[in-house]
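To keep things clear, I will list the structure first and then write my remarks on it.
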Amino acid sequence: MDKKIVTSWDDGSFYDLRLSDLLLKYKIPAIFYIPTFWTQRDLRDEDIVELKQKGFEIGGHTVTHPIDMKTLTYDQQLREIAKNKIWLEELIGEQIKSFAYPRGRYDETTILAVKEVGFENARTTAIGNFVLPDDPYRIRTTVHVYPETPKYNKPDWLKEAYRLFQYGDYFHLWGHSWEIEKFKLWDQLESFLKHIYENVYSQSQ
Ligand SMILES: [Zn+2]
């Protein structure tokens, strides 16, 4: 199958380990974006190394996961982005290339800082995209793994995922493993990872 599959998981929750086993089972690649100090980050340092050793990519997600990067000065943003990158690189012994904007909030200043620090790409939280991203510093995703919430205009993620998987040359699933646990989405997620696996591996032979 001629489709680029990307999954990405933010915040470095302890449930990333359970998620990583599920991804391995269905041979799905992933990037784990990990902040340095933040309440949702409860992966231990050795767990982050383990994710790397399992073959997954580790990405930057700032030091403190600011509520809105746009409200910080350029220098403050630069420090948030750079110190997290240096920490992760020392931890896994390899250069970190990918970044995700905390809460998807950024502006031109943030992009300048991300480039200055040496990141090659950055992911937003925009959904609904199924063509290959044309701007590496404004990567848009396809579907957010999150329960249906009509009040906030959140569709049924699984229906959206099956629908949008039919189109285009790109599919990017993203979310937070602590939300998968909180909202009991593990079975739904596994059914969809299996769907990706069956499509990718049955048609490529
Ligand atoms: Zn985050």
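Counting only lysines at least 8 places from Lys83 when in the same chain, those with an alpha carbon closer than 21 Å to its own are Lys52, Lys70, Lys97, Lys115. Counting every other Cβ atom within 10 Å of each residue's Cβ, Asp107, Asp47, Asp11, Asp134 order from fewest to most as Asp134, Asp107, Asp47, Asp11.
Cross-link partners for Lys184 among the lysines, with Cα-Cα distance under 18 Å and sequence neighbours closer than 8 places in the same chain left out: Lys154, Lys159, Lys194. Here the range 4-202 carries DSSP beta bridges of which approximately 5% are antiparallel, counting only pairs with both residues inside.
Working note: 222 nm ellipticity from helices only, DSSP H runs with n ≥ 4, each -39,500 (n - 2.57), summed and divided by the residues of the chain, gives -12000 deg cm²/dmol to the nearest 500. Ranked by the mean number of other Cβ atoms within 10 Å of their residues, highest first, the peptides 22-29, 118-125, 139-146 fall in the order 139-146, 118-125, 22-29. Charging the Cβ of each Asp and Glu at -1 and of each Lys and Arg at +1, and nothing else, the dipole of the range 148-205 about its Cα centre rounds to 180 debye. Relative to the longest principal axis of the Cα atoms of the chain, helix 74-92 runs at roughly 60 degrees. Spherically averaged projected area of the convex hull of Cα atoms, the range 125-205: 6.1 nm².
Restricting the GluC sites (Glu not before Pro) of the range 139-204 to loop positions (DSSP other than H, G, I, E, B) with no more than 14 neighbouring Cβ atoms within 10 Å leaves Glu148. Packing, taken as the mean count of other beta carbons within 10 Å per residue, orders the peptides 167-176, 50-59 from highest to lowest as 167-176, 50-59. Toward the positive end of the charge dipole of the chain, about the Cα centre and with charges on Cβ (Lys, Arg +1; Asp, Glu -1), which of Thr64, Tyr74, Tyr101 goes farthest? Result: Tyr101, furthest along the dipole toward the positive end. Measuring between their Cα centroids, the range 17-47 and the range 56-116 lie 17 Å from each other.
Every read-out reported here was derived from the displayed coordinates using simple, explicitly stated rules and does not represent laboratory data. All values derive from a computational prediction rather than experimental measurement. Here the Cβ is made from the backbone with ideal geometry for all residues, glycine too, and neighbour counts use every protein chain on show.
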